[in-house]
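Data first, discussion second: the structure below is written as structure tokens.
The values are calculated or read from the model by the stated rules, or taken from the named source; none is laboratory data. On a predicted model such as this, the values are computed, not experimentally measured, just so you know. Ideal geometry is used to build each Cβ from the backbone, glycine not excepted, and the neighbour counts take in all protein chains shown.
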Amino acid sequence: MGELTADVEHHWVPLDRIKSGSYALISESAQSDTAVVFVHGFLGDASGTWLNFQEMIDSCRMTYPGWAMCDAFFFHYSSFRQSITDSAEELISFVRAVFPNPPGWIFSVPQPFRELRALLVLRLRMRRYKRLVLVGHSEGAVVIRRAVVLEYKRKNGGTPILDAKLALFAPAHLGFTPSGWVGACLATGRVEAIAMMILASSPSFVEMKDKAFLEQIRQDTNAFLQESPDLSGLRARVLFGRGERIVVRGEYTRDFPEMPEPNQDHVSICKPRTGYERPLRFVLELP
């Protein structure tokens, strides 16, 4: 396995033709058989939220050779301006566009060549994916779980999302709890009023405050799991940091909770870096 992955790298490909602001890191390995789709959270974006994944899946490839077998897709959506259901619908469309048969053009990667002052094209081998992993942070986890519920209710035979593996960082699927420094910042009279007025204009923020909406997603997921216990998309692996102060630390009844990470909070939990490589392992540690 080490010889196979020693020289494998990933190449950045914009996916604006599929979803504006989204992009992919495509492996050079012709044996890549897994699509990993990353879904950012509230006020996040497809690049900043997943800081260092773009570099570390290659720089740490000898330690985590499984990444050579994965193509990483970073999905962008309007986390503030649209509802969670609309974002879930966009995620469903995005997944259908790249899994299991991604479009051929993403395997033709432009490569600048300074000596010739030209743009060469690196042609990677096309592939058909066998596995799908959905990775969500905060609101992104709610978007994923809503997408799973929608696909199940539609009874779409063979829909890939229902068979996906879910890895959720600090999911907001049980709501949020402004406390610690966040609560202190908001609890300052006029600042709180202005902040809440702005946030109240966000459909997704209102929905994450609505315990009934989140509870319906949870109840639907649990009910569908009773009907179809073999569907992996109805269960998730869940990872929180001990310093979590933004969302409720909890999981669905049949989820797989991980031991919380020391010295990590809501923002840092999903960002691999020197001294904290757990996110690289967490995404690939499938139940």
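Considering only residues that are hydroxyl-bearing (Ser, Thr, Tyr) and farther than 29 Å from residue 226 by Cα, look in segment 253-282 and name the one that is surrounded by the fewest Cβ atoms within 10 Å (Cβ to Cβ).
274
Condition test on residue 31, is it of a type outside the set (Ser, Thr, Tyr) and over 20 Å from the mean Cα position of the chain (by Cα)?
Taking the combined requirement at face value, the residue satisfies it.
Only one residue in 7, 16 is of a type in the set (D, E, K, R), over 22 Å from residue 164 (Cα atoms), modelled with pLDDT under 90 and not in a strand (DSSP E or B), so which one is that?
Criteria check complete, one pass: 7.
Can you report the number of residues in segment 77-98 which are of a type outside the set (D, E, K, R), surrounded by fewer than 22 Cβ atoms within 10 Å (Cβ to Cβ) and either closer than 19 Å to residue 36 by Cβ or within 13 Å of the chain's Cα centre (by Cα) (or both)? Before the answer, list the steps.
Residues of segment 77-98 that are of a type outside the set (D, E, K, R), as a first pass: 77-80, 82-85, 87-88, 91-95, 97-98.
Add one more test, that the residue is surrounded by fewer than 22 Cβ atoms within 10 Å (Cβ to Cβ), and what stays is 78, 80, 82-83, 85, 92-94, 97.
When the remaining residues are screened for being either closer than 19 Å to residue 36 by Cβ or within 13 Å of the chain's Cα centre (by Cα) (or both), the result is 92-94, 97.
Going through segment 77-98 one residue at a time, the tally reaches 4.
Is there a residue being basic (Lys, Arg), closer than 24 Å to residue 160 by Cα and touching a Phe, Trp or Tyr at 6+ places or on another chain (Cβ under 6 Å) anywhere in segment 79-96?
no
Tell me, yes or no, whether segment 198-220 has at least one residue that is among the basic types (Lys, Arg) and not in a helix (DSSP H, G or I). Before you say what the answer is, go through the steps one by one.
Let us first name the residues in segment 198-220 that are among the basic types (Lys, Arg), namely 209, 211, 218.
Narrowing further to those that are not in a helix (DSSP H, G or I): none.
There is no residue in segment 198-220 that is among the basic types (Lys, Arg) and not in a helix (DSSP H, G or I).
Specify the residue that is farthest from residue 141 (Cα to Cα); the eligible residues are those in segment 88-109 that are of a type in the set (Gly, Ala, Ser) and at pLDDT 95 or above. First the steps, then the outcome.
Of the residues in segment 88-109, the ones of a type in the set (Gly, Ala, Ser) are 88, 93, 97, 104, 108.
The next check asks that each one be at pLDDT 95 or above; those that pass are 88, 93, 97.
Values: 88: 10, 93: 17, 97: 20 Å.
Among those that are of a type in the set (Gly, Ala, Ser) and at pLDDT 95 or above, it is 97.
Take the residues in segment 265-276 that are without any contact (Cβ under 8 Å) to a residue 24 or more places away in the chain and not small (Gly, Ala, Ser), then tell me which one is farthest from residue 166 (Cα to Cα).
Restricting attention to segment 265-276, the residues satisfying the condition of being without any contact (Cβ under 8 Å) to a residue 24 or more places away in the chain are 267, 274-276.
Next, only the ones that are not small (Gly, Ala, Ser) stay: 267, 274, 276.
Values: 267: 19, 274: 25, 276: 21 Å.
Among those that are without any contact (Cβ under 8 Å) to a residue 24 or more places away in the chain and not small (Gly, Ala, Ser), it is 274.
Suppose we keep only residues that are among the hydrophobic types (A, V, I, L, M, F, W, C) and under 17 Å from the mean Cα position of the chain (by Cα) within segment 236-246. Which one would you say is surrounded by the most Cβ atoms within 10 Å (Cβ to Cβ)?
236
Conditions: (1) closer than 14 Å to residue 283 by Cβ; (2) of a type outside the set (Val, Ile, Thr); (3) in a loop (DSSP other than H, G, I, E, B). Residue 35 meets all but one. Number of the miss?
Among (1) closer than 14 Å to residue 283 by Cβ; (2) of a type outside the set (Val, Ile, Thr); (3) in a loop (DSSP other than H, G, I, E, B), residue 35 violates only (3).
Return only the number of the condition from (1) at pLDDT 95 or above; (2) in a helix (DSSP H, G or I); (3) within 18 Å of residue 143 (Cβ to Cβ) that residue 238 does not satisfy.
Among (1) at pLDDT 95 or above; (2) in a helix (DSSP H, G or I); (3) within 18 Å of residue 143 (Cβ to Cβ), residue 238 violates only (2).
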